[in-house]
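First up is the structure itself, then whatever we jot down about it.
Quick note: the coordinates plus some simple rules give every number you see, no bench work behind them. Treat the numbers as computed from the prediction; the structure is a model and nothing was measured. Heads up, the Cβs are rebuilt from the backbone with ideal geometry, glycines too, and the neighbour counts pull from every protein chain shown.
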Amino acid sequence: MVAREASLLLLLAAPLTLAAQELTTVPRVDLDRYAGLWHEIARIPNRFQRRCTARTTAEYSLLPDGRIRVVNRCCTAGGEEISATGVARVVDAQSNSKLEVSFVRFLGRNWFYGDYWIIGLDPDYRWAIVGAPGRRYGWILARDRTLSAADRAQCDQILRQRGYDPGDFVDSPQQ
């Protein structure tokens, strides 16, 4: 009976161990290559994108002070285009793979930064996977509006390796 209870305890603790595991980022990001337009292929649903139903994009441009301008756009169910402009700052200058993003500007400064960690990146910068340490947020981005089945399978494999469940991601329509 003790062995059975210990096995059950290990089974219940396994997801907690995986969730507590440090989220690994890519070793290096060239921010000049990362800048530009990205199409959202899939995301973990979140409250701040609840109105986005199609054509979700993120556009990044480098600012002279080292920060990154972020413009997120999408279309609502009614066809209205909405956007949010923010700023990202590099947290880990050695790798450039850990950033923080804020979309709240008040009294001349940005507030309420959220983690934006690049956890997967195609060598040619054709696709990227973005996450956060708590794994409550995640995005698959691509330079094109679609991602091949092979590339999506590779992204799903990276997500699993990083402690995410690819089934938590919903596809983002681009038409």
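Summing +1 for each Lys or Arg and -1 for each Asp or Glu, what net charge is found among the other residues whose Cβ lies under 13 Å from the Cβ of Ala149?
Taking every other residue near Ala149 into account, the sum is -2.
Starting from a Cα-only point model with no solvent, please compute log10 I(q)/I(0) by Debye for the chain at q = 0.16 1/Å.
-0.98
How large is the charge dipole for the chain, taken about the Cα centre, if only the Cβ atoms of Lys, Arg (+1) and Asp, Glu (-1) carry charge, to the nearest 20 debye?
Value, rounded to 20: 380 debye.
Could you list, by residue number, the cysteines of the chain that have no other cysteine's beta carbon within less than 4.7 Å of their beta carbon?
Cysteines lacking a close Cβ partner in the chain: Cys75, Cys155.
Calculate, for Asp32 and Asp144, the FRET efficiency according to 1/(1 + (r/R0)^6) with r their C-beta to C-beta distance and R0 25 Å; round to the nearest 0.05.
0.80
Add +1 for every Lys or Arg and -1 for every Asp or Glu among the other residues with Cβ under 11 Å from the Cβ of Gly36, and state the total.
0
Just want to confirm a number: the relative contact order over segment 2-171, from Cα pairs under 8 angstrom separated by 6+ residues, in percent.
RCO, segment 2-171: 23 percent.
Between Val104 and Glu22, how high is the FRET efficiency from 1/(1 + (r/R0)^6) when r is the Cβ-Cβ distance and R₀ = 30 Å? Nearest 0.05.
That gives a FRET efficiency of 0.65.
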